[in-house]
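Please read the structure below before turning to the comments.
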Amino acid sequence: MAMWSPWRGCHRCSEGCRYCYIHKGDARRGVDTDSIVRSEKLDAPIARKKSGEYRMAGGQLVYLCFQTDFLIEEADAWRGACWDIIRERSDLRFLFLTKRIGRFMDCVPPDWGEGYDNVIVG
Ligand code: SF4
């Protein structure tokens with residue numbers, strides 16, 4: 001199991017966000033959750049060791065965007081790079097949860113078709 005946070009921050013967008021653990025944790029640390037910030041480690045799944053191997057070992061489940069929402073509007077310009085990485089790392093499975101499922105078809109890549117075999121959406 002691995003975590004991948006290409007950006008962080010989120011806005012409440014539904015009743016289901018009332019008890020959001022991200023807002024709760026950020027409030028304790030004085031972090032503004034409503035500020036959406038791209039991570040310097042956006043390409044973490046394709047980062048390599050000196051030996052040339054991927055740092056993120058294959059065959060595992062990657063929890064994607066558990067500090068934000070993968071489909072949040074502010075990340076529209078960054079998501080394409082994530083899809084490229086997901087396509088490259090077909091040896092990993094990626095799981096993301098969203099409360100913006102209404103945006104889903106506007107956010108998938110052109111070759112999405114019936115979906116990628118290595119992506120699970122909740
Ligand atoms: S969408 Fe998820 S991460 Fe964003 S505010 Fe709602 S519960 Fe929190």
*asked:* Just to be sure before I move on: is ASP34 among the acidic types (Asp, Glu), under 20 Å from ARG79 (Cα atoms) and within 16 Å of the ligand (Cβ to nearest atom) in the structure I sent?
replied: yes
*Test ARG29 against the stated conditions and say whether it is surrounded by fewer than 17 Cβ atoms within 10 Å (Cβ to Cβ) and either acidic (Asp, Glu) or under 23 Å from VAL119 (Cα atoms) (or both).*
no
*Just name the residue that is nearest to the chain's Cα centre (by Cα) out of those in region 70-96 that are under 22 Å from TYR21 (Cβ atoms) and within 16 Å of the ligand (Cβ to nearest atom).*
PHE70
_Residues of region 37-85 that turn out to be on the phi < 0 side of the Ramachandran plot, surrounded by fewer than 18 Cβ atoms within 10 Å (Cβ to Cβ) and of a type in the set (Gly, Ala, Ser), as a count_ = 8
*Quick one: in region 97-120, which of the residues that are within 12 Å of the ligand (Cβ to nearest atom) and surrounded by 14 or more Cβ atoms within 10 Å (Cβ to Cβ) is farthest from LEU61 (Cα to Cα)?*
ARG103
*Name the pairs: first residue in region 64-83 and of a type in the set (Gly, Ala, Ser), second residue more than 9 Å from the ligand (Cβ to nearest atom) and modelled with pLDDT of 95 or more, Cβ to Cβ under 6 Å, at least 6 apart or on different chains?*
ALA75/TRP7
_Is it the case, given these coordinates, that ARG8 is closer than 26 Å to MET56 by Cα and within 13 Å of the ligand (Cβ to nearest atom)?_
yes
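The values are calculated or read from the model by the stated rules, or taken from the named source; none is laboratory data. Since we're looking at a predicted model, the values are computed, not measured. A quick note on method: Cβ atoms are made from the backbone with ideal geometry, for glycine too, and the neighbour counts reach across all protein chains shown.
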